[in-house]
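Trainee: Sharing a structure with you now.
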Amino acid sequence: MRTRARHLARAVAVAAATLGLAVSTAGTASATGIDNYEWDSHNKFDRRAHPGLFIDFAGEWGTDEDSLDAAGKPIKWANNTCTMGPVGTDSSGRKIGITAGHCRPLFGEGVHNIPNVGLRSYRYPLAPRGVEITTNDYPVFDRNAVMRAHGDNPEINELSAPVQPIGWIRWIDNHAPTSQTNPPTFIGTDYMVIEFAADVQLDSQVYDKAGNAALSTASSGNPFKVNSVYTNTSTGNLPPVGSDIEHFGAMSAREPGRVGPLFAYDAIAPNYGAVSKINSPVNGLFRAAPGHQGGDSGGPVVMRGTGQWVGIITAEWGEGLLGIQRPFIFTSAKSILNDINAPGSGRTFGVGFTPTNN
């Protein structure tokens with residue numbers, strides 16, 4: 001009864017918030033079902049959205065007491081975690097965030113058997129792709145807030161206030177891969193548009209897991225911010241091959257490791273390295289050296305030391321023998337903005353997006 005009451009209270013809180021608003025790293029870089037991680041619960045900004053924020057799409061942790069397996073044991077909640085890219089406003093003044101499109105949970109409401117993972121329970125419906133979403137049916141949560149509300153302490157788990165979403169999905173690009181385990185097909189855009197709740201504050205600063213301002217990897221040691229869009233007419237607003245980028249992945253900030261072919265690359269946050277290839281000027285995807293891992297998807301990528309947004313973390317999928325060449329893929333800011341602002345598209349959410357500068 002206490003669990004059902006808690007679920008009812010959470011539904012009421014989510015509804016109230018709604019009314020208040022006018023995998024595998026060998027494929028895509030999101031995470032599906034990280035179950036035993038000891039999360040850092042500290043976050044100074046409960047209702048603040050910033051680049052590098054750890055996000056999820058469930059608002060739950062642990063087990064769904066109302067869904068039992070064949071042995072009568074509660075089934076674990078599915079935990080899709082990703083990283084927020086740039087945050088800012090669109091031409092209508094809406095508060096907007098951008099992350100990876102493949103961060104969309106793979107399944108809709110109910111219990112599903114995930115390959116290589118097992119049974120998992122999903123709370124919300126499956127969000128559609130390629131259409132604007134005007135309802136608040138697909139919430140996005142601050143992962144740190146979720147962990148504070150649903151930690152390991154049973155009493156806290158039962159009695160703490162339900163977590164309110166920080167925003168809602170408004171668009172998922174059609175080109176975002178639908179599989180996290182098979183070789184993804186990248187046509188050029190893999191992004192999601194999120195509208196934040198009215199009470200969420202926007203901040204251009206990237207923060208580490210302890211809530212401290214992250215610093216750029218450049219020797220100047222400036223704060224790592226995302227406060228403008230990179231422009232370069234000679235390269236079509238794509239980063240030049242050989243230039244350095246830096247990025248921030250929320251999972252790598254919490255659990256750094258070795259990734260990529262032969263585990264030859266560091267997954268740390270922040271991380272930096274040189275651009276090695278532009279897949280094509282048309283699709284705007286590029287490859288670069290700095291490694292990332294599951295849970296980093298959508299994280300901000302800037303020209304090193306500048307705060308100029310040039311893309312988001314997308315995937316690890318190398319070229320050549322054993323995929324060892326240029327394994328890390330990024331979706332360019334150019335291709336995302338071109339898609340959002342395409343003439344005649346009829347789009348509204350995110351059109352005219354400008355990163356916050358504060």
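The values are calculated or read from the model by the stated rules, or taken from the named source; none is laboratory data. Not measured: the values here are computed from a predicted model. Methodologically, a virtual Cβ is constructed for each residue, glycine included, from the backbone with ideal geometry; neighbour enumeration extends over all protein chains shown. Keep in mind that these areas ignore ligands, DNA and RNA; they rest on the heavy atoms of the full protein, side chains included. Shrake-Rupley method; radii C 1.70, N 1.55, O 1.52, S 1.80 Å.
Trainee: Quick one: would you say Pro74 is of a type outside the set (Lys, Arg), touching a Leu at 6+ places or on another chain (Cβ under 7 Å), open to solvent by 10 Å² or more (accessible area, probe 1.4 Å) and at pLDDT 85 or above?
Mentor: Working: of a type outside the set (Lys, Arg): yes; touching a Leu at 6+ places or on another chain (Cβ under 7 Å): yes; open to solvent by 10 Å² or more (accessible area, probe 1.4 Å): yes; at pLDDT 85 or above: yes.
Yes: the conditions hold for Pro74.
Trainee: What number of residues within the stretch 77-93 satisfy the criterion of being surrounded by 18 or more Cβ atoms within 10 Å (Cβ to Cβ), closer than 23 Å to Thr331 by Cα and either in contact with a Cys (Cβ under 6 Å, 6 or more places away or on another chain) or not aliphatic (A, V, I, L, M) (or both)?
Mentor: Keep residues of the stretch 77-93 that are surrounded by 18 or more Cβ atoms within 10 Å (Cβ to Cβ), which gives 77-88, 90.
Narrowing the set further to residues that are closer than 23 Å to Thr331 by Cα leaves 80-88, 90.
If we keep only those that are either in contact with a Cys (Cβ under 6 Å, 6 or more places away or on another chain) or not aliphatic (A, V, I, L, M) (or both) as well, we get 80-83, 85-86, 88, 90.
Residues flagged as surrounded by 18 or more Cβ atoms within 10 Å (Cβ to Cβ), closer than 23 Å to Thr331 by Cα and either in contact with a Cys (Cβ under 6 Å, 6 or more places away or on another chain) or not aliphatic (A, V, I, L, M) (or both) within the stretch 77-93 amount to 8.
Trainee: Restricting to the stretch 199-242, and then to whatever is open to solvent by 40 Å² or more (accessible area, probe 1.4 Å), more than 20 Å from the chain's Cα centre (by Cα) and of a type in the set (Gly, Ala, Ser), can you tell me which residue is nearest to Asn271 (Cα to Cα)?
Mentor: Here the answer is Ser219.
Trainee: So, in the stretch 103-142, exactly how many residues are modelled with pLDDT under 90 and on the phi > 0 side of the Ramachandran plot?
Mentor: 3
Trainee: So which residues in the stretch 103-138 are among the aliphatic types (A, V, I, L, M), closer than 30 Å to Ala342 by Cβ and touching a Lys or Arg at 6+ places or on another chain (Cβ under 9 Å), if there are any at all?
Mentor: Quick first cut of the stretch 103-138, residues among the aliphatic types (A, V, I, L, M) only: 106, 111, 114, 117, 119, 126-127, 131, 133.
Restricting the remaining residues to those that are closer than 30 Å to Ala342 by Cβ gives 106, 126-127, 131, 133.
Those that are among the aliphatic types (A, V, I, L, M), closer than 30 Å to Ala342 by Cβ and touching a Lys or Arg at 6+ places or on another chain (Cβ under 9 Å): Leu126, Ala127, Ile133.
Trainee: Can you name every one of the strands (runs of 3 or more DSSP E) wholly within the stretch 45-87 that holds 1 or more residues which are over 20 Å from Arg104 (Cβ atoms)? Outline the logic, then answer.
Mentor: Values: elements: 54-56, 63-68, 74-76, 80-83.
So the answer is 63-68, 74-76.
Trainee: Please tell me if Arg258 is open to solvent by 60 Å² or more (accessible area, probe 1.4 Å) and either under 18 Å from the mean Cα position of the chain (by Cα) or at pLDDT below 90 (or both). Break it down stepwise before answering.
Mentor: On the way: open to solvent by 60 Å² or more (accessible area, probe 1.4 Å): yes; either under 18 Å from the mean Cα position of the chain (by Cα) or at pLDDT below 90 (or both): yes.
Yes: the conditions hold for Arg258.
Trainee: Give the residue, chosen from Gly85, Gly62, Gly108, that is within 14 Å of the chain's Cα centre (by Cα) and among the small types (Gly, Ala, Ser). Outline the logic, then answer.
Mentor: Working: Gly62 fails: within 14 Å of the chain's Cα centre (by Cα); Gly108 fails: within 14 Å of the chain's Cα centre (by Cα).
So the residue among Gly85, Gly62, Gly108 that is within 14 Å of the chain's Cα centre (by Cα) and among the small types (Gly, Ala, Ser) is Gly85.
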